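Below is one structure, written out as structure tokens, with a few remarks after it.
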Amino acid sequence: MAASVLLGSAESTGLNFTVGAGGNSLQGNSNGLGQAGPASWNRSLDRALEEASVSGCLNLSGRKLKEYPRSAANHDLTDTVRADLSRNRLSELPLEVCGFVSLEYLNLYQNCLRSLPDLLVNLQALTHLNLSRNQLSVLPAVVCSLPLKVLIASNNKLVSLPEELGQLRHLTELDVSCNEIRTLPSQIGQLEALRDLNIRRNHLVRLPSELAELPLVRLDFSCNKVTSIPVCYRGLSHLQAIVLDNNPLQSPPAQICIKGKVHIFKYLNLEASKSTPELPEYDRRPLTSWSDPTHTQTNAHISTLQSKGSE
């Protein structure tokens, strides 16, 4: 997925981001403070903060931070548009980050987050949010109040998605793979811009029919417990890739699924034609034999008039 690659590349870029005049990289300091010592480490951190105040891009990836740097208060970061806090040890999102009202991209990959603050609602410019590889058991409704285009929350402990999910009308990519989700809310059908949906490796037993209304280009529901693909999915006219392996599928059967998307859609179309109710068979008897009382009375009246006319 293109957007996933974008977020992933930002993470790896963070590890190789060169800071400090001495050219020490974050990757080089991955084993702690090392020989450079605390003073050198602090200078490196201050340099990263100083560069962020100028460029608008805050990169604190891979620093094993347990809390937001106190020295950040010495720098004006209010105009930050990109923040990479991935590969740290943050147990909560720093409230300072919620004050970055111009923030468009936030990467929190691989931390220890268990919850998200309500102040997240302040980030009304945020379009890309990566929450993957944390410890979230709930995706709070406040996330759905953001103008997100990409939301990645894979590898957490989510058991469900909020009903407010349907508010994300600009969302084009949703990745909630590798969680413990059992059902998807019907409101997912309101994501009118969604093109890429990854629900891989969850505990889903059925797929919501509401997905058939979306302009999906890619759908991955592999490694679940799904037994059937809804017949209405034949209406997914934009779909280019469907990944469904490792499911106990019975409809379509495995021998159809392994042949690919074209054969799957042929099967769904065939099943749709079978399930269409047949029109009732109309009574083809002559009208003169119609047994309706009103019709009998009408015929009798006509016969009487004809008799009077012949007299």
Quick check, is Arg182 in contact with a His (Cβ under 8 Å, 6 or more places away or on another chain), charged (D, E, K, R) and at pLDDT 95 or above? yes
Check Trp41 against each of (1) closer than 22 Å to Gln110 by Cα; (2) at pLDDT below 95; (3) assigned by TED's automatic domain parsing to the domain that holds Tyr109 and name the one condition it does not meet. (3)
In segment 101-131, anything within 22 Å of Lys64 (Cα to Cα) and either in a loop (DSSP other than H, G, I, E, B) or over 19 Å from the mean Cα position of the chain (by Cα) (or both) is listed as Leu108, Tyr109, Gln110, Asn111, Cys112, Leu113, Arg114, Ser115, Leu116, Pro117, Leu131
I'm trying to understand the selection: among the residues of segment 84-100, which are out of contact with any Cys (no Cβ under 8 Å at 6 or more places or on another chain), closer than 14 Å to Lys64 by Cα and surrounded by fewer than 17 Cβ atoms within 10 Å (Cβ to Cβ)? Glu92
Restricting to segment 112-168, what's the tally of residues that are under 20 Å from Thr183 (Cα atoms) and in contact (Cβ under 8 Å) with a residue 40 or more places away in the chain? 3
The listed residue being more than 19 Å from the chain's Cα centre (by Cα) and on the phi < 0 side of the Ramachandran plot, out of Ser251, Ser222: Ser251
Filtering segment 180-199 for residues that are within 11 Å of the chain's Cα centre (by Cα), within 23 Å of Ser137 (Cα to Cα) and of a type in the set (Lys, Arg) leaves a count of 0
If we keep only residues of segment 172-188 that are of a type in the set (S, T, N, Q) and outside any loop (DSSP other than H, G, I, E, B), then the residue surrounded by the fewest Cβ atoms within 10 Å (Cβ to Cβ) is Ser186
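The values are calculated or read from the model by the stated rules, or taken from the named source; none is laboratory data. Just so it is clear, the structure is predicted and the values come from calculations on it, not from any experiment. Glycine gets a Cβ as well: all are built from the backbone with ideal geometry, and neighbour counts include every protein chain shown.
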